[in-house]
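Here is the structure we will look at.
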Amino acid sequence: MSSIVEKTAVGQAIDRVEGHLKVTGKAKYASEFPVPNKVYAQGINSTISKGEIVSIDTSEAEKQEGVLKVITHQNAEKLKTFEEEPAAISTDSIAPVLQDHKVHYYGQYIGVVIAETFEQAQYAARLVKVEYRKEASPAIIFEKNKDKAYRPKESSDYSRGDLEKGLSEADEIIDAVYNTPIEHHHPMELHALIASWENGGVTAYASQQMVEDATIAISETFQIPQEKVRVIAAFVGGGFGSKLKVERQVILATMASKMIGRPVQMTVTRHQMFTNTGMRQRNEQHMRIGAKKDGTLTSLAHETLSHTSINEEFQESCGMVSKMLYKVPNNLVTHRLMPMNLQTPFAMRAPGEATGSFALECAMDEMAWKLKMDPIDFRIKNDTQTDLSEDQPFSSRLLVECLRIGAEKFGWEKRNMKPRTNKEGNWLKGYGVSAASRNSPYKETHSKVILKQHKDLMEATIRMDATDIGTGSYTIIAQTAAEYLKIPVEQVSVELGDSDFPVTPGSGGSWGAASYCNGARAACEKALQELKKKLNIPDAEEVPVAELLQKNNLMEYEAEGSAKPSEEFEKHSVYSFGANFCEVWVDKDTGMWRINRMVNVGSAGRILNPKTAYGQIIGGLTMGAGMALAEQTRVEPNFGNFITRSFADYHVPVNLDLAQIDVIFLPEEDKIANKMGIKGIGELGITSVAASIGNAIFNATGKRMRDLPITPEKLITAPLEPGVQA
Ligand code: MOS
């Protein structure tokens, strides 16, 4: 028995417990629930980026077979709208839609068609005739709107010391601007839901990352009690931030169901995923770094310019990494936004760090080159065990170890500091490194455990409203219950993604694993405690759970537990750390380049399941490679529509783009992070990957590529850095 437990408990690389459900098609995603009597909705998108709807003629659409209703601003239900604009939005914000005739961006929903079949709805949507009054000069082009930049209401500006003084004391200064484009998440599963309005409330089978926040957003938008909203998200086919908050289709389908009295299914098309489900915003990051000859940092400024939409405010906090990663006494971080006629950007995997670490870690590499220092030595020289931005220690930080161990695994000693020296035929080869850090939050989580005795078999069910967005939540929660109840994992079932279950923070911000597992742990501990208490058995005594039930004469027992951050947690900065190493080969004549291999080393606390953890890092590295290689959403400069609007023109990496990848997790015990010592990894994996690639490209070619993605045409025309020999 004990050997089985050891094989299946926390830390073991077991297969996903829900894997068979997925590969046999039994796992039900939002649009797959067999809700009887359902009808289909198709959203209609605006074809101007700024102006007003003068008239909408829905008569032709309404005449079509199967069409039940066309909803526009003329007949839409009154919803709660923003009290002030721009409204700072978060994961539980209201999502008003079809409330007036104004258009703020190309692709904005201006109507929705409800029909008996999906095809009927799609066809009829094309027959709706719209007359617009276009307003002149919409804000479409980033470069032309810089004069409108403002400090957001929820400002995250920060400074310590005296930046200018620090710069004046420096022997070398890097002053450079890094650009990252708009990117889109594109999870495999399209955004979808089935909304069923009944008795003044709604049940929504919806592809959402955060069930609780979705119920808040829906109830507030419709101004009904939160108890009247039930959200079910049992399986979610990826989110990457796009499914954190409810997007307008959730409100549209719910409104439609309320108006026609039948369940409504709405699926956002892949095309609409560009205009209606959030995106990573375009960032221009201005870095200034000062350092002494010996490599001591004296000053660091990280100033970001981004955009938001006309009526909503969201900022990607790119500068956060520059506050805490290095020991630098003088520091300045600012974020500015400009309102543009584009949909509101929102969180995309490691919002802030993914892009911010590109700027910071490339700039660090630039400084190391200027100082003629090895970039690893330079980082180690400026390492800190104190988070200077919070003036408190890190709960654990093995960044130096990540860099050293990664260097050894990668073969860093073979790197020649001089660019363009490692050649093979037409290939210029380069090695690059970068440091990664990602905040590792942990949030209050509630969970229920149901213990059942069937003859000799003990079964446990864990319930919570957590989601598994493909990360492996089901599996690690099952492993946790198996560990704390000391039963084989096969005897644990996990039920997630239902707002009727105990409340969790949902999946986002890399807090899922730590929060969910500690919540499950707390429920299991509570059950054991209560069962022992009834028998006057001291808490510390180990008694098998089956025996506890038997002695209590119980066939079944339920307990609820909850976990939340400790006081010690609040007194520390809890972060995961990592190092990325990359080898690239660049064709010296064409600028075509490829990633030859990657090594990623992480210090991220206790690894619950090496297999699912590895999957998270691989996914992150792939998205990081995508940032560097090809991902960019292009805005048409006259109309404001996205001209990259399918996978044919929005390029994501494929297997052939990623060669050999080694992922190493350092053993790390961090009981300050939480009782189980879990830290986040979901977003660590993407952090600083693009920088390691950009730095490798510099080492190969002697060219600094500060604008992502690094396309061959940019690379071939870029100048050599001063001091590089051709
Ligand atoms: Mo993440 S961008 O919080 O899904």
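Quick note: the coordinates plus some simple rules give every number you see, no bench work behind them. From a predicted model like this one, the values you see are computed outputs, not experimental measurements. Cβ coordinates were reconstructed from backbone atoms using ideal geometry, including for glycine residues, and neighbour counts include every protein chain displayed.
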Quiz item: Which one of the conditions (1) buried (at least 22 other Cβ atoms within 10 Å of the Cβ); (2) under 20 Å from the mean Cα position of the chain (by Cα) does Ala630 fail to meet, given that it meets all the rest?
Solution: (1)
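Step by step: first the residues of region 446-477, then only those that are of a type in the set (S, T, N, Q), within 16 Å of the ligand (Cβ to nearest atom) and closer than 16 Å to Pro502 by Cβ, then the one that is surrounded by the fewest Cβ atoms within 10 Å (Cβ to Cβ). Which residue is that? Full working, then the answer.
Let us first name the residues in region 446-477 that are of a type in the set (S, T, N, Q), namely 447, 453, 461, 467, 471, 473, 475.
After this cut, where a residue has to be within 16 Å of the ligand (Cβ to nearest atom) as well, the list is 467, 471, 473.
Filter again for closer than 16 Å to Pro502 by Cβ, leaving 467, 473.
Numbers: Thr467: 31, Ser473: 26.
By that ranking, first place goes to Ser473.
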Quiz item: Any chance region 379-391 includes a residue that's surrounded by 24 or more Cβ atoms within 10 Å (Cβ to Cβ) and not hydroxyl-bearing (Ser, Thr, Tyr)?
Solution: yes
Exercise. State all residues of region 228-287 that are part of a strand (DSSP E or B), aliphatic (A, V, I, L, M) and closer than 24 Å to Tyr105 by Cβ; if no residue qualifies, say none.
Key: Met266
Quiz item: Considering only residues of region 233-273 that are basic (Lys, Arg) and out of contact with any Phe, Trp or Tyr (no Cβ under 8 Å at 6 or more places or on another chain), which is farthest from Ile182 (Cα to Cα)?
Solution: Arg262
Quiz item: Can you spot a residue in region 53-71 that is surrounded by 18 or more Cβ atoms within 10 Å (Cβ to Cβ), touching a His at 6+ places or on another chain (Cβ under 9 Å) and over 18 Å from Thr221 (Cβ atoms)?
Solution: yes
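Can you find a residue that is of a type outside the set (S, T, N, Q) and assigned to a loop (DSSP other than H, G, I, E, B) anywhere in region 299-307? Let's see the steps before the verdict.
Applying the first criterion (of a type outside the set (S, T, N, Q)) to region 299-307 yields 300-303, 305, 307.
Narrowing the set further to residues that are assigned to a loop (DSSP other than H, G, I, E, B) leaves none.
No, region 299-307 has no match at all.
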Quiz item: Which pairs do you get when a residue that is under 15 Å from Gln491 (Cα atoms), found in region 543-554, comes within reach of a residue that is among the hydrophobic types (A, V, I, L, M, F, W, C), reach meaning Cβ atoms under 7 angstrom, with the pair 6+ apart or on two chains?
Solution: Val545/Leu451; Val545/Met458; Val545/Leu485; Val545/Ile487; Val545/Leu528; Ala546/Met458
Self-check item: Number of positions in region 202-223 that are more than 16 Å from the ligand (Cβ to nearest atom) and out of contact with any strand residue (DSSP E or B) (no Cβ under 6 Å at 6 or more places or on another chain)
Solution: 5
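Kindly indicate which of Val268, Val246 is away from the ligand (no atom under 16 Å from the Cβ), at negative phi and either aliphatic (A, V, I, L, M) or out of contact with any Ser or Thr (no Cβ under 6 Å at 6 or more places or on another chain) (or both). Quick ask: steps written out before the conclusion?
Working: Val246 fails: away from the ligand (no atom under 16 Å from the Cβ).
None of the other options fit; the residue is Val268.
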Self-check item: Test set (1) touching a helix residue (DSSP H, G or I) at 6+ places or on another chain (Cβ under 9 Å); (2) within 27 Å of Lys293 (Cα to Cα); (3) among the polar types (S, T, N, Q); (4) more than 16 Å from the ligand (Cβ to nearest atom) - Gln385 fails condition number
Solution: (1)
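Among the candidates Thr334, Thr355, single out the residue that is out of contact with any Phe, Trp or Tyr (no Cβ under 7 Å at 6 or more places or on another chain), closer than 21 Å to Ala176 by Cα and within 16 Å of the ligand (Cβ to nearest atom).
Values: Thr334 fails: within 16 Å of the ligand (Cβ to nearest atom).
One residue alone meets the criteria, Thr355.
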Practice problem: Can you give me the number of residues within region 626-657 that are touching a strand residue (DSSP E or B) at 6+ places or on another chain (Cβ under 6 Å) and either in a helix (DSSP H, G or I) or of a type in the set (D, E, K, R) (or both)? | Solution: 1
